[in-house]
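K.L.:
I'd like to ask some things about the structure below.
The values are calculated or read from the model by the stated rules, or taken from the named source; none is laboratory data. Note that the structure is predicted; figures quoted are calculated from it, not measured. With ideal geometry, Cβ positions are generated from the backbone for all residues, glycine too; neighbour counts draw on all protein chains shown. Surface areas here come from the heavy atoms of the whole protein model, side chains and all, with no ligands, DNA or RNA. Shrake-Rupley method; radii C 1.70, N 1.55, O 1.52, S 1.80 Å.
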Amino acid sequence: MSDHEIDIAVEDARWEQAVPDLEAFTLRAIEAGLAILPDSASGPVEVSVLLADDATVQALNRTWRNKDKPTNVLSFPAADGPLQPGMARPLGDVVLAYDTLVRESAEQSKPFEHHFAHLLVHGTLHLLGQDHETGEAEADAMETLEVAALRTLGIPNPYED
């Protein structure tokens with residue numbers, strides 16, 4: 001196991017029914033995202049994960065992105081600041097919406113756990129500075145990293161039909 005601190009808060013109990021061994025699964029997916037960019041996550045880092053519902057994610061999306069709708073995952077990178085000796089470097093928070101993930105999994109004919117892992121990796125890569133909204137080359141690079149991280153978890157390429 002790594003020196004990374006990954007805090008998981010389950011706000012919606014449906015997550016626990018949907019994913020066997022939810023905490024271990026979440027930890028593995030976040031670690032896979034961190035491991036795919038080892039230079040960006042050098043030294044111990046701290047990531048917080050909130051497993052919520054559409055209403056919570058919609059409220060956060062409205063407040064922080066001026067988009068009054070739920071989305072599958074939100075990432076909130078931590079502000080850079082002085083580090084305390086011996087403490088993990090805060091990377092930020094990843095928030096997922098259960099209802100949206102269930103709907104998207106069904107629409108895309110993908111197992112829920114695969115889609116969940118993909119979005120955990122996706123959110124983690126955002127915390128590491130990756131951004132698919134800045135251009136096609138950046139989007140392609142981020143997709144390549146996601147596919148590589150998911151492969152380490154035994155999850156097929158989510159971008160293939």
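K.L.:
Of all residues in region 107-141, which are among the β-branched types (V, I, T) and more than 12 Å from the chain's Cα centre (by Cα)? Give the steps one after another, and end with the answer.
P.N.:
Of the residues in region 107-141, the ones among the β-branched types (V, I, T) are 121, 124, 134.
Scanning region 107-141 gives a single hit, T134.
K.L.:
Could you list, in sequence order, the residues of region 94-137 that are acidic (D, E), assigned to a helix (DSSP H, G or I) and more than 24 Å from E46 (Cα to Cα)? Quick ask: steps written out before the conclusion?
P.N.:
Just the residues of region 94-137 that are acidic (D, E), to begin with: 99, 104, 107, 113, 131, 133, 136.
Still in the list and also assigned to a helix (DSSP H, G or I): 99, 104, 107, 113, 136.
Selection gives D99, E104, E107, E136.
K.L.:
With L60, L74, L50, L91 as the choices, which residue is part of a strand (DSSP E or B), farther than 24 Å from V147 by Cβ and of a type outside the set (F, W, Y)?
P.N.:
Working: L60 fails: part of a strand (DSSP E or B); L74 fails: farther than 24 Å from V147 by Cβ; L91 fails: farther than 24 Å from V147 by Cβ.
Checking each option against the conditions leaves just L50.
K.L.:
For region 37-62, what are the residues that are within 28 Å of A106 (Cα to Cα), open to solvent by 30 Å² or more (accessible area, probe 1.4 Å) and of a type outside the set (D, E, K, R)?
P.N.:
Answer for region 37-62, where residues must be within 28 Å of A106 (Cα to Cα), open to solvent by 30 Å² or more (accessible area, probe 1.4 Å) and of a type outside the set (D, E, K, R): S48, L50, A55, T56, Q58, A59, L60.
K.L.:
Quick one: in region 63-72, which of the residues that are more than 13 Å from the chain's Cα centre (by Cα) and closer than 16 Å to V94 by Cβ is most open to solvent (accessible area, probe 1.4 Å)? Reasoning before the result, please.
P.N.:
Pass one, region 63-72, residues more than 13 Å from the chain's Cα centre (by Cα): 63-70.
Adding the requirement that they be closer than 16 Å to V94 by Cβ leaves 64-65, 70.
Details: W64: 173, R65: 87, P70: 45 Å².
Taking the candidates together, the pick is W64.
K.L.:
Something else: Go through region 110-137 and give me each residue that's surrounded by fewer than 16 Cβ atoms within 10 Å (Cβ to Cβ) and over 21 Å from W15 (Cβ atoms).
P.N.:
Matches in region 110-137: G129, D131, E133, T134, G135, E136, A137.
K.L.:
Continuing with the same structure: Give the residue, chosen from G43, G81, that is touching a strand residue (DSSP E or B) at 6+ places or on another chain (Cβ under 7 Å) and farther than 19 Å from E113 by Cα.
P.N.:
Result of the check over G43, G81: G43.
K.L.:
Could you tell me how many of the residues in region 77-103 are over 15 Å from W15 (Cα atoms) and surrounded by fewer than 18 Cβ atoms within 10 Å (Cβ to Cβ)?
P.N.:
Result for region 77-103: 13.
K.L.:
Kindly indicate the residue of region 37-47 that is in a loop (DSSP other than H, G, I, E, B) and not charged (D, E, K, R) and also modelled with the highest pLDDT among those meeting that condition.
P.N.:
Among those residues, the one meeting the criterion is P44.
K.L.:
What number of residues within region 1-36 are open to solvent by less than 30 Å² (accessible area, probe 1.4 Å) and either part of a loop (DSSP other than H, G, I, E, B) or touching a His at 6+ places or on another chain (Cβ under 7 Å) (or both)?
P.N.:
Looking only at that region, the number is 3.
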